[in-house]
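The values are calculated or read from the model by the stated rules, or taken from the named source; none is laboratory data. Here the structure is a predicted model, which means the values were calculated and not measured. Cβ placement follows ideal geometry from the backbone for every residue including glycine, while neighbour counts extend to all protein chains displayed.
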Amino acid sequence: MNVELTDLTRRFGRTQAVAGVSLTGGPGVFGLLGPNGAGKTSLLRMMATVLPPTSGRMRLLGRDPGGYGPRREIRRRLGYLPQNLGYYPGFTVAEFVEYFALLKDMPASQVPRAVATAVERVGLGDRARAKLRTLSGGMLRRAGIAQAIVNEPELLLLDEPTAGLDPEQRLEFRALLRNMGQRATVIVSTHLVEDVGAACTEVALMDMGKIVFHGTPADLIARGEGTSAAGDAPLERGYSAVLAAARSAVAARA
Amino acid sequence: MTAAATTAPAQPRTPRAASAVPVTAARLLWVELRHNAVPFILPLIAALLWFDSYRPSMTQPPVWALRTFWNMGQGHTIIDFGPFVAGVAAWMGSREGRRGITDLITAAARPRWITQLATWAATAIWAVGAYLVFVGVMFGAYIAQGMLGPAPWWWVAVGAVAVAAFSAAGFAVGALYPSRFAAPLAAIGSVLVLMMSSQTGFRDTSGWALILPTNSNGNYQAPSGIFYPYLPDLPIARMMLLAGITLAAVGLLGLPSRAGSRGLRRTAAVVTLAGVAMAGTAIGLTTTARLGPGGIVIPALHDAANDHQIPATPVCGHTAGIPVCLNPVYRPYLAEVSAALHPVLAELAGLPGAPARVVQVAGPYNSTEGAFDAPMAISGHPPVLRVPLDTVLLPGTSGFTSAPVPFADFAGQLQALAVHAFVGAGAGPGTLAQQAVQAALLQGAGLPFAAQPKVLSIIGVAPPPPGAPAAGAGHEAGKVSKPVYAAAQRLAARPAAARRAWLTAHLAALRSGQLTLAQLP
Amino acid sequence: MSEWAGPGDPGREVDLDRVWLNVAAGVWCRQPRGPERLAGQVLRSPGLARALVTTPSLLLGWIIATVVVLLTGAVATLGTGTPYVPLLAPAVAAAGIAYAYGPGIDPAWELSQSMAVSDRMVLLVRALAVFALNALLGLAASAASGIAAALTFGWLLPMTAACAVALAAATLTRSANIGVGAGLAAWIIVVLAGRAATGQFTAAITAPALVLPYLITALCGGAIVLFATRIPRGTS
């Protein structure tokens, strides 16, 4: 198992962003759905070892990120695309990807080829020497994806990776996800239900810090059948039905 | 897209309500005030103000002109505020560029320059408001301790305009150079400007350097507000300069093409030019400045009524049978002055030229910081001892020493100055014979020989050390002090009657400088 | 060649891909310049070396601004006799140190936090480099302004203390501007207090009584930085 989370919580002051999440996962593509403020980004940041959990247990790639040495090992094998990607406007695409390849402690001799591979894989080969400030939003996102995959990570965390991508690019991105998922654990946090349906083998739905659904996309579709849940597509109806059920359960308890 | 039919009549445009404009502007300003960064820096400024402006001022006597000399007169409140206000203002000015919302602002209906002015206005309101509040609290603390004389309100106004100028300059730096480095650049640049402002033209009594906001020259001295009014000439010139800088800085922001319409940019150009003209005029006026009895006079700005002393009814007491009269502001010191002068007046009583009355006068206005070269004088018929009390270290807290000035030190200064005037020594140490007689008289008044050199040094009439160049034209150089004090000891050792008889016979020659040391008994 | 494809995809001209990638690898990646190569050898980490050369306060614009400020101070010293360089150098260095690191000035801060190269190492390397550069520039400006040797070197310890205060405040509050403000305020207080006590602006640099307080301040600042940049242990 590449990911083992047990009762993971994260609190910001009085707000509990993640409220006792338990999850395990091996190689494959794992979708994380949920409305705004559900805790998806906080969960991903904890798995990226950027944010320490408030309580609970976490093992990533067979290691406990609590120790400096194991955490460093995890980060060498980790790829992360944050929701708000910051960049250095004066860097070129290749320089940007190379910079983070070096920070991931990749052997220097392997970096040039790895950078070229990553840049080509996201379709920015013809803009490799363009400054980041000259790129559109979608291209910047692809540059962010390139830095996340440059080290062929075993654990790839992507937060809203398709933001700004046009439909054709989203199709190509799904193919990349499936390809990566053959060897690594890929966790994709997104609002776009159709991305999850097309690329993911497992789906979790978060609401108010908790996981309210965990299964396959087909299971999610089944949850929406026979209900009057809102949605234009089966996955959307399943999504709405699960959320509605979770919220009414919370209301009933209250 | 096909052209639409134009048969429908044109709809009349609803005129924008006149009251909507100021309301919208007020709302915009309110939003900017609520989201301004200046409040975050105020605790730091408050700490600096306490440490640098308030604490050192508490070593001064409770006379407004003395206690505010460091923080208002030398501009230390401006130093405390300036760099941080400039830095924060640069941060606010660079906000659009750093956050990437320049396009949003430019595309809005309200011109970009107007939006920037709202942001700057909020910054300036916070900064100047904080300045007035902090200075107000400091002055309130002074008043609670019982202050003498009027406060230097002109200089408070200079500080407020200076803070506005720093906010404008910093804001312009940030707006024109919207980088994350704009804030530290503006702050450090302000530090450099203020340091140079403090050190340039430090001892000049004329010239353009007087306009620099933290130039301590010629601002005011101890007589200000008590004997002479605080002269507004230099404060007005400085405010003109600082207001000119403010106008030029905010006008610059309206010059780029994205700032607004052509008419608005013309207005901004006029504002910029007006600011430059105002600053230039202020500098030009300052080059005509000269030192007057009450301070720095700029002829074009001067009101002749300020040349007259402030009328005041003196408060009087008596000591050794002689009336002692002080300016009413110095009433709390009357008893101490009387007690300090009593021994020397008793020693001099009955001798030719001994004072029949003691009157406080204003010390000569001197631009040099900490000058104590204002001797007393005895003049008139009957002789009157004229005491410039504002040039001595008053008892209690005084100067920048950590220990309060004891009464004995204060008394020593007054006694030494009085005797120095009595023997006719003038501004310098006097002839050797005058020094010897002075020493003997002071010994008789209770100031021992051993304590005299330090006191004479404090009041600035100590003889030069052995081998040093001559003290000045008309005075014999004091080469070795031992013969002087040997003569003084001989004179002091004579019986009082004999000593007084000798003095009566020889005082005229002593005062005219004709007596030599060998002629002393 | 289609985009988004992995090198192992079936049906592809693998040899052409490999050739193209090798060419691209050679063409796209930048060759590190002298300072970065030297840093890489000294630090034994190309990642740290790259992080060092991307330090905001080691960028050309910042260095030029530093040189301009110190040069202005040197010229003013030559003209007036007041030693501006020793008075300015600690403030400039404190600002540079505060701007070496942190979420306020690093756009890719979030990403950097997930990297194998520890951010504490990045901070240490950057802070030392900025300090060293400012010390060199300040010494050059001091020498150029012809001031006494005691002043030329005397400000290094106050500069260390001011930098420690700035860096401690910046890392604790995660704001470079607060770091700059704290460093600047502390230095201004010391300079003005020295002037109030002795009448000399340079008392903050030359007073022997301040040596121990400066050392203590530097140590405390370092301790605060270490504490603020500690990585909280996990809960398992």
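Check whether at least one residue in region B:80-87 is within 20 Å of residue B:29 (Cα to Cα), surrounded by 23 or more Cβ atoms within 10 Å (Cβ to Cβ) and of a type in the set (A, V, I, L, M, F, W, C), and report yes or no. Walk me through it before giving the result.
Keep residues of region B:80-87 that are within 20 Å of residue B:29 (Cα to Cα), which gives B:85-86.
Next cut, surrounded by 23 or more Cβ atoms within 10 Å (Cβ to Cβ) only: B:85-86.
Applying the additional criterion that residues be of a type in the set (A, V, I, L, M, F, W, C) yields B:85-86.
Yes, region B:80-87 contains at least one residue that is within 20 Å of residue B:29 (Cα to Cα), surrounded by 23 or more Cβ atoms within 10 Å (Cβ to Cβ) and of a type in the set (A, V, I, L, M, F, W, C).
State whether one or more residues within region C:198-205 are surrounded by 22 or more Cβ atoms within 10 Å (Cβ to Cβ), without any contact (Cβ under 8 Å) to a residue 24 or more places away in the chain, within 14 Å of another protein chain (Cβ to nearest Cβ) and small (Gly, Ala, Ser). Steps first, answer last, please.
As a first pass, look at region C:198-205 and keep what is surrounded by 22 or more Cβ atoms within 10 Å (Cβ to Cβ): C:204-205.
Now drop any that are not without any contact (Cβ under 8 Å) to a residue 24 or more places away in the chain, which leaves none.
Scanning region C:198-205, I find no residue that is surrounded by 22 or more Cβ atoms within 10 Å (Cβ to Cβ), without any contact (Cβ under 8 Å) to a residue 24 or more places away in the chain, within 14 Å of another protein chain (Cβ to nearest Cβ) and small (Gly, Ala, Ser), so the answer is no.
Return the only residue of B:111, B:61, B:56, B:39 being touching a residue at least 12 places away in the same chain (Cβ under 8 Å), more than 27 Å from the chain's Cα centre (by Cα), farther than 23 Å from residue B:186 by Cα and assigned by TED's automatic domain parsing to the domain that holds residue B:238.
B:111
Looking at B:179, B:197, B:216, B:190, which is the one that is in a helix (DSSP H, G or I), polar (S, T, N, Q), in the same structural domain as residue B:48 (by TED's automatic domain parsing) and modelled with pLDDT under 90? Quick ask: steps written out before the conclusion?
Numbers: B:179 fails: in a helix (DSSP H, G or I); B:216 fails: in a helix (DSSP H, G or I); B:190 fails: modelled with pLDDT under 90.
The unique qualifying residue is B:197.
Hey, does region B:333-349 have a residue that's more than 17 Å from residue B:496 (Cα to Cα), among the β-branched types (Val, Ile, Thr) and surrounded by fewer than 22 Cβ atoms within 10 Å (Cβ to Cβ)?
Step one: list which residues in region B:333-349 are more than 17 Å from residue B:496 (Cα to Cα), which gives B:333-342.
Narrowing the set further to residues that are among the β-branched types (Val, Ile, Thr) leaves B:337.
Pick out the ones that are also surrounded by fewer than 22 Cβ atoms within 10 Å (Cβ to Cβ) and you get none.
No, the conditions are met nowhere in region B:333-349.
Hey, residue C:109 hits all of (1) in contact (Cβ under 8 Å) with a residue 12 or more places away in the chain; (2) among the aromatic types (Phe, Trp, Tyr); (3) over 19 Å from residue B:185 (Cβ atoms) but one; which does it fall short on?
It fails just one condition, (1).
Name the residues in region A:108-147 that are at the interface with another protein chain (Cβ under 9 Å from one of its Cβ atoms), among the β-branched types (Val, Ile, Thr) and assigned to a helix (DSSP H, G or I), would you?
Initially, region A:108-147 is screened for residues at the interface with another protein chain (Cβ under 9 Å from one of its Cβ atoms), giving A:108, A:111-117, A:119-125, A:128-129, A:144, A:147.
Next cut, among the β-branched types (Val, Ile, Thr) only: A:111, A:115, A:117, A:119, A:122.
Scanning region A:108-147 gives A:111, A:115, A:117, A:119.
Can you pull out the residues in region C:69-88 that are surrounded by fewer than 23 Cβ atoms within 10 Å (Cβ to Cβ), at the interface with chain B (Cβ under 10 Å from one of its Cβ atoms) and of a type in the set (A, V, I, L, M, F, W, C)?
Hit for region C:69-88 is C:76, nothing else.
Could you list all residues from region B:458-504 that are surrounded by 14 or more Cβ atoms within 10 Å (Cβ to Cβ), at pLDDT 75 or above and among the polar types (S, T, N, Q)?
B:489 - this is the single residue of region B:458-504 that is surrounded by 14 or more Cβ atoms within 10 Å (Cβ to Cβ), at pLDDT 75 or above and among the polar types (S, T, N, Q).
Taking the condition at negative phi, acidic (Asp, Glu) and in a helix (DSSP H, G or I), does residue A:195 pass?
Numbers: at negative phi: yes; acidic (Asp, Glu): yes; in a helix (DSSP H, G or I): yes.
It is true that residue A:195 is at negative phi, acidic (Asp, Glu) and in a helix (DSSP H, G or I).
With the condition being at pLDDT 90 or above, I'd like the strands (runs of 3 or more DSSP E) fully within region B:322-391 carrying at least 1 qualifying residues.
On the way: elements: B:322-326, B:357-360, B:377-379, B:384-387.
The strands (runs of 3 or more DSSP E) meeting that bar are B:322-326, B:357-360, B:384-387.
Wholly within region B:53-139, which helices (runs of 4 or more DSSP H) include no fewer than the required count, namely at least 3 residues that are under 16 Å from residue B:157 (Cα atoms) and within 14 Å of chain C (Cβ to nearest Cβ)? Break it down stepwise before answering.
Working: elements: B:64-67, B:76-93, B:95-99, B:102-107.
The qualifying helices (runs of 4 or more DSSP H) are B:76-93.
Quick one: is residue B:211 assigned by TED's automatic domain parsing to the domain that holds residue B:67, buried (at least 24 other Cβ atoms within 10 Å of the Cβ), among the β-branched types (Val, Ile, Thr) and over 25 Å from residue C:90 (Cα atoms)?
On the way: assigned by TED's automatic domain parsing to the domain that holds residue B:67: yes; buried (at least 24 other Cβ atoms within 10 Å of the Cβ): yes; among the β-branched types (Val, Ile, Thr): yes; over 25 Å from residue C:90 (Cα atoms): yes.
Spelling it out, residue B:211 is indeed assigned by TED's automatic domain parsing to the domain that holds residue B:67, buried (at least 24 other Cβ atoms within 10 Å of the Cβ), among the β-branched types (Val, Ile, Thr) and over 25 Å from residue C:90 (Cα atoms).
Please count how many residues of region B:236-267 are without any contact (Cβ under 8 Å) to a residue 12 or more places away in the chain and among the hydroxyl-bearing types (Ser, Thr, Tyr).
So the count comes out to 1.
All but one of (1) within 24 Å of residue B:47 (Cβ to Cβ); (2) within 24 Å of the chain's Cα centre (by Cα) hold for residue B:208; state the number of the condition that does not hold.
(1)
Name the one entry in C:129, C:135 that is more than 30 Å from residue C:203 (Cβ to Cβ), touching a residue at least 24 places away in the same chain (Cβ under 8 Å), surrounded by fewer than 24 Cβ atoms within 10 Å (Cβ to Cβ) and of a type outside the set (Val, Ile, Thr).
Details: C:135 fails: more than 30 Å from residue C:203 (Cβ to Cβ).
One residue alone meets the criteria, C:129.
When you scan region B:293-301, do you find a residue that is assigned to a helix (DSSP H, G or I) and under 30 Å from residue B:147 (Cα atoms), even just one? So that I can check it myself, show each step before the final result.
If we filter region B:293-301 for residues that are assigned to a helix (DSSP H, G or I), which is where we start, we get B:299-301.
Then keep just the ones that are under 30 Å from residue B:147 (Cα atoms); that gives B:301.
Scanning region B:293-301, I find at least one residue that is assigned to a helix (DSSP H, G or I) and under 30 Å from residue B:147 (Cα atoms), so the answer is yes.
Restricting the search to region C:149-173, which residues are touching a residue at least 40 places away in the same chain (Cβ under 8 Å) and surrounded by fewer than 19 Cβ atoms within 10 Å (Cβ to Cβ)?
C:150, C:151, C:157, C:172
Report, by residue number, each residue of region B:305-352 that is of a type in the set (Gly, Ala, Ser) and touching a Phe, Trp or Tyr at 6+ places or on another chain (Cβ under 9 Å). Before you say what the answer is, go through the steps one by one.
Initial filter on region B:305-352 (of a type in the set (Gly, Ala, Ser)): B:305, B:312, B:317, B:320-321, B:335, B:338-340, B:346, B:349-350.
Those that are of a type in the set (Gly, Ala, Ser) and touching a Phe, Trp or Tyr at 6+ places or on another chain (Cβ under 9 Å): B:312, B:339, B:340.
Take region B:405-426 and flag every residue that is among the hydrophobic types (A, V, I, L, M, F, W, C) and more than 14 Å from residue B:387 (Cα to Cα). Lay out the reasoning, then the answer.
Start the filter on region B:405-426 by keeping residues that are among the hydrophobic types (A, V, I, L, M, F, W, C), which leaves B:405, B:407-408, B:410-411, B:414, B:416-419, B:421-423, B:425.
Selection gives B:405, B:407, B:408, B:423, B:425.
One line per residue, one yes/no per condition, for (1) more than 7 Å from every other protein chain (Cβ to nearest Cβ); (2) of a type outside the set (A, V, I, L, M, F, W, C); (3) part of a helix (DSSP H, G or I); (4) crowded, with 24+ Cβ neighbours inside 10 Å:
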{"position": "A:41", "(1), (2), (3), (4)": "yes, yes, yes, no"}
{"position": "A:57", "(1), (2), (3), (4)": "no, yes, no, no"}
{"position": "A:70", "(1), (2), (3), (4)": "yes, yes, yes, no"}
{"position": "A:73", "(1), (2), (3), (4)": "yes, yes, yes, no"}
{"position": "A:79", "(1), (2), (3), (4)": "yes, yes, no, yes"}
{"position": "A:88", "(1), (2), (3), (4)": "no, yes, no, no"}
{"position": "A:94", "(1), (2), (3), (4)": "no, no, yes, yes"}
{"position": "A:102", "(1), (2), (3), (4)": "no, no, yes, yes"}
{"position": "A:106", "(1), (2), (3), (4)": "yes, no, no, no"}
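Just a yes or no: is a residue in region C:38-52 under 27 Å from residue C:160 (Cβ atoms), in contact with an Asp or Glu (Cβ under 6 Å, 6 or more places away or on another chain) and either at pLDDT 85 or above or surrounded by fewer than 17 Cβ atoms within 10 Å (Cβ to Cβ) (or both)?
yes
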